[in-house]
Amino acid sequence: MFRTLRSALLLSCLLLVASPALATELEPGQTYAAGTSLTISAFGIAFTVPDGFSGQVPHGEEYFLMGHATADGQLLLVAEELTAADARTYMSQPIPLDEGMTLTPVGELEVEGSRLTRDFQLRFHGMVMNARGFVEVGDHGLSVIGLALFDAGEAELMGRALQSVAESISLTEPAQPAAQAQPEPTERPATAQTGTGGGDLAGRAVVRYHNSEITSSTWRYFFCSDGTFAYRYNSSTVSTGGMGSLSMADQDSAQGRWTMSGNTVTLTTDQGAELTLEISDRSGSSLTVSGQTWHFTENTFCS
């Protein structure tokens, strides 16, 4: 069962946005042996392939996949623009996937410095597989997500390998920005107002995640106190075959100004496009935006 599903299931779990490839100035398709120290200076990421494993970035793709010589399990590393708050939210809730699959957190979330680690179970039509994942949160905009997916008999070996990879990760300032720098917002009157459903959004940010069998998407809105806003969308698409493959599907961004009247937020982009959002059912760290559940997160855009 593992060999039949491994590509589709492994690459679905904990994928947020496609990552830059992790390698020693990577050559796509090249296989790296156990003990190889890999780095990509453009993104400030380095790690070491654990004992007994080899790995590669499949040609034309942007993730690092490792397999063991004899054990029935795989390790996956991807990078994502995640804050510590984003990482905690994502690691603390069930992740529904298509076709009846759910990645369910089990046990307690383990926090050690900048690393969050948790066990998961992947449920699929009554069958259960084991998974363990971590997020190593960086200081320069990028975090690294690691995931091990394995049969029950390989839990000890795969757990050690995942821990080895996590402890080897180094995140330094990228040689180039992880995301395109945004222009300074022009001065505008502060027009943000308070609504009864969403509360005062000024200075806040919200995020929504969606994961399916083949895609993973993230939407973010940043509401600045001076009446400006920024929007970010990222999506990755997974296709299966061989060791599996992952391709960047889409990215989008916009900025402009926002106002709020009652529970209605009106967004007007710098290009003149207009969008309205209906805010309702705020509860703790989440709220409903136009019928969908969003979560408050760290505002990394507004000065």
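None of the figures in this text is laboratory data; all of them are computed from the coordinates on show. Since this is a predicted model, take the numbers as computed values, not measurements. Here Cβ is always computed from backbone atoms with ideal geometry, including for glycine, and neighbour counts include all displayed protein chains.
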>> I'd like the FRET efficiency for ASP51 and SER114, computed as 1/(1 + (r/R0)^6) with the beta carbon distance as r and R0 of 25 Å, rounded to 0.05.
In response: 0.55
>> From the phi angles alone, apply the Karplus equation (6.51, -1.76, 1.60; θ = phi - 60°) to segment 254-266 and give each ³J(HN,Hα) in whole Hz, x where the residue is Gly or Pro.
In response: 7, 8, x, 10, 9, 9, 9, 10, x, 9, 9, 9, 10
> Which length gain, in nm to one decimal place, applies between ALA71 and SER280 when the Cα-Cα distance is subtracted from 0.36 nm times their residue separation?
Replying inline: 70.3 nm
>> So, R0 is 30 Å and r is the distance between the beta-carbons of GLU298 and GLN30; what FRET efficiency does that work out to, to 0.05?
In response: 0.25
